[in-house]
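Shown next, in structure tokens, is the structure this report addresses.
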Amino acid sequence: MQAQIKKAVALLQAGGLVALPTETVYGLAADASNEKAVARIFAAKGRPAFNPLIVHVPSVDAAKRLAFFGPLEEALAAHFWPGPLTLVVPVKAQVGLSPLVTAGLSTVALRVPEHPIMREVLTLSGLGLAAPSANRSGRISPTTAQHVRDDLGGAVDFIIDGGETSEGLESTIVKVNEADNIVHVLRPGTVTIAALQAVVDGWVNGAFNIGLTNTEESGGNEESEGVRGVQVLSSFEVAGESGHEADDVAARPEAPGQLLKHYAPKARVRLGATDLNQGEGLLDFGAEDFAAGCKPAAYYNLSEAGDLREAARRLYAGLHYLDGLNIEVIAVRPLPTRGVGAAINDRLQRAAAASGRDDEV
Ligand code: TXA
Ligand code: MG
């Protein structure tokens, strides 16, 4: 592994493209300060230029060199980094990022990943790494090196095989609204709304206490009271409503990757299936018997134990597997929406909206 990491670092420093594991999905990485290298990411993925990239850095300090962090963003970073949370924050001027990375926005998406291979590459290279998921734009994200080979093969200079990723879904993306400190979830992930809310609540209480020590200057507790109301809002459903095609330049949803048609298998995806039609493959969850009907043409269980974390980890592998069998329809058993279930259902809905419509993704 050490030799692979060294090779990846050398390639990245020379402007190459390297696919490598993170704890969420495999990323397609390039030096975020190298315009040509970043342009190659967009070309390899067939990604529209208006869709900005996440920059991966080794530490909170490295992140703060690139962008402005308010106190709530600091609290979120301190709690969740390294880990599967991406923060969209105001970008600083002249920090050397390729303008392609931010697609002309005044903000940048930053993440300190947890995966040891990615961490080592970041530390040894000394680079900020722009890294979208290592799949062609609109397709299913990769959770193994084989998924990357199948989808991007020749377009990548090197792939580090670090086995299956542990989270299985892309990072949760949040943006704190400056005016009222409301945390907007632009893309749900394995950092759940409840986990975010717990940190926000802790931060609010902390701020309240600090506020109390300043009561004379601030003229009472008014400010602190305001802070108390801070919430986590999931705006991803609204952002996703746009349903714009991936190449529609006029479409600039808040998290552009949240285009409705995304994560698309070739097969049609039928959600909420409680029975099966002839010839359908089944993406199952839990151990309950299916009411009636025929035997599935192909079968993959996301979690026999009904464990949503396991289902998240196995979702893309299941979609890749069933889609590889060239069945026409993937029927999906209903999954609970609690906790990580929100993110799984989000990805399934996008897969269903995009699926079986090759011409439109
Ligand atoms: O887990 C992950 O986040 C993976 C791994 C490789 O880190 N990366 C990933 O990247 O999922 P990608 O490019 O597939 O998704 C990044 C999302 C896109 O939806 C993009 O529109 C959004 O982040 N994004 C990037 N910069 C943004 C910004 N300044 N404001 C709002 N959304 C932004
Ligand atoms: Mg992606």
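Readers should treat all values here as calculations from the given coordinates under stated rules, not as data from a laboratory. Keep in mind that what you see is a predicted model, and the values were worked out from it rather than measured. Cβ placement follows ideal geometry from the backbone for every residue including glycine, while neighbour counts extend to all protein chains displayed.
Restricting Leu122, Leu127, Leu152, Leu169 to those that are more than 9 Å from ligand 1 (Cβ to nearest atom), of a type in the set (A, V, I, L, M, F, W, C) and part of a loop (DSSP other than H, G, I, E, B) reduces the list to Leu127. Take the residues in segment 162-187 that are under 15 Å from Pro142 (Cα atoms) and in contact with a strand residue (DSSP E or B) (Cβ under 8 Å, 6 or more places away or on another chain), then tell me which one is farthest from ligand 2 (Cβ to nearest atom). Ranking the qualifying residues of segment 162-187, first place goes to Gly163. With respect to the conditions (1) away from ligand 2 (no atom under 16 Å from the Cβ); (2) within 21 Å of Val89 (Cβ to Cβ), Ser125 lacks only one, and its number is (2). The set of residues from segment 44-66 being in a loop (DSSP other than H, G, I, E, B) and closer than 17 Å to Pro113 by Cα comprises Leu53, Val57, Pro58, Ser59. Pairs meeting the criteria (first residue in segment 102-119 and in contact (Cβ under 8 Å) with a residue 60 or more places away in the chain, second residue surrounded by fewer than 16 Cβ atoms within 10 Å (Cβ to Cβ) and of a type in the set (Gly, Ala, Ser), beta carbons under 8 Å, at least 6 apart or on different chains) are Ala103/Ala49.
Would you check if there is a residue in segment 54-75 being surrounded by 22 or more Cβ atoms within 10 Å (Cβ to Cβ), closer than 30 Å to Gln231 by Cα and hydroxyl-bearing (Ser, Thr, Tyr)? The answer is no, given that none of the residues of segment 54-75 is surrounded by 22 or more Cβ atoms within 10 Å (Cβ to Cβ), closer than 30 Å to Gln231 by Cα and hydroxyl-bearing (Ser, Thr, Tyr). Could you list, in sequence order, all residues of segment 163-192 that are touching a residue at least 40 places away in the same chain (Cβ under 8 Å) and surrounded by fewer than 20 Cβ atoms within 10 Å (Cβ to Cβ)? Once the filter is applied, which keeps residues that are touching a residue at least 40 places away in the same chain (Cβ under 8 Å) and surrounded by fewer than 20 Cβ atoms within 10 Å (Cβ to Cβ), segment 163-192 yields Gly163, Glu164, Ser166, Glu178, Asp180, Ile182. Could you please let me know if Lys7 is without any contact (Cβ under 8 Å) to a residue 12 or more places away in the chain and part of a helix (DSSP H, G or I)? Against the criterion (without any contact (Cβ under 8 Å) to a residue 12 or more places away in the chain and part of a helix (DSSP H, G or I)), Lys7 does not qualify.
Contact map, segment 11-25: first residue closer than 22 Å to Ala39 by Cβ, second residue aromatic (Phe, Trp, Tyr), Cβ cut-off under 6 Å, separation 6 or more or different chains; pairs are Leu11/Phe158; Val18/Phe158; Ala19/Tyr26.
Just checking, does segment 141-149 include any residue being near ligand 1 (Cβ under 10 Å from one of its atoms) and either hydroxyl-bearing (Ser, Thr, Tyr) or assigned to a loop (DSSP other than H, G, I, E, B) (or both)? Let's see the steps before the verdict.
Of segment 141-149, the ones near ligand 1 (Cβ under 10 Å from one of its atoms) are 141-142.
Going one step further and asking which of them are either hydroxyl-bearing (Ser, Thr, Tyr) or assigned to a loop (DSSP other than H, G, I, E, B) (or both), we end up with 141-142.
Looking through segment 141-149, at least one residue is near ligand 1 (Cβ under 10 Å from one of its atoms) and either hydroxyl-bearing (Ser, Thr, Tyr) or assigned to a loop (DSSP other than H, G, I, E, B) (or both).
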